[in-house]
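Below is one structure; the comments refer to it alone.
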Amino acid sequence: MDTNQQQAKQPKNVLAGPYGHPFHPVLVTVPIGAWVAALVFDIVSLASNEEESTFAEGAYWLIGIGIVGAVLAAVFGLLDLLAIPRGTRAFTTGLTHMTLNLIVVVLFVVNFIIRAAQDYEEATVLGFVLTLIALAILGASGWLGGKLAYTYGVRVADETTQNKGFTH
């Protein structure tokens, strides 16, 4: 294993999480879950006349929760990005992953503001479409995050450490 690879596996500092167990992948579950749930709430809200306000308001608050969770996850993601040596494919992939995530957050912030201005208790096609677009971009970003971990081994324990899990 070369020095660049070893450097990318180590936490930048203690706040990023212990070796082999970064905090960023755990934290991203909050915005992803909240935003996917918001999509489901939008679908129910748009398809139903009786419970529209309940689900429209739920989607609004889920988007807000996702934004807060994304900001927190981004801080830890940045710590992981800073551990990757610059000029490498892994660093370029990390920058692209970060940029896509920032675009997603901006789309959801705009979505949140539009919903607030248009009475967040009413479902809108615009809010639904913004959520779909943001989630599509988030899917592409997630694929890149997986590439960072599973292809390039960023913040993943080295093979010697991994082999300890396969001994009797």
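Bear in mind that the values in this text are calculations on the coordinates, not laboratory data. Predicted model only: the values in this text are computed from it and were never measured. Note: ideal-geometry Cβ built from the backbone for every residue, glycine included; neighbour counts use all protein chains shown.
Measuring gaps between exposed loop sites in the chain (GluC sites (Glu not before Pro); DSSP loop; at most 16 other Cβ atoms within 10 Å), the longest gap, sites not included, is 52-120.
Computed over the chain with a Gaussian network model linking Cα atoms closer than 10 Å, the most mobile of Asn49, Asn101, Asn111 is Asn49.
For the pair Val30 and Val75 in one chain, pulling the backbone fully straight at 0.36 nm per residue adds 14.8 nm over the alpha carbon distance.
GNM on the chain, alpha-carbon springs under 10 angstrom: the most fluctuating residue among Ala140, Ala47, Ala74 is Ala47. Across all Cα atoms of the chain, the radius of gyration (one decimal) and Dmax (whole number) stand at 18.7, 61 Å.
Paramagnetic label reach from Leu95 (point 7 Å along Cα→Cβ; backbone nitrogen cut-off under 13 Å): within segment 136-168, no residues. The angle between the Cα long axis of helix 125-146 and the longest principal axis of the Cα atoms of the chain comes to about 10 degrees, rounded to the nearest 10. Build a GNM of the chain with springs between Cα atoms under 10 Å apart, and of Leu27, Leu135, Leu126 the one that fluctuates most is Leu126. The ellipsoid that matches the Cα gyration tensor of segment 99-154 has semi-axes, each √(5λ) in whole angstrom, of 30, 10, 7, with the longest given first. Look at where the Cα atoms of segment 52-87 and of segment 90-161 average out, and the two centres are 8 Å apart. Residue-wise HN-Hα couplings along segment 93-109, as the Karplus relation 6.51 cos²θ - 1.76 cosθ + 1.60 with θ = phi - 60° gives them from phi, are 4, x, 5, 5, 4, 5, 4, 4, 5, 5, 4, 4, 4, 4, 4, 6, 5 Hz; Gly and Pro carry x. In the chain, the longest principal axis of the Cα atoms and the axis of helix 29-47 are about 20 degrees apart.
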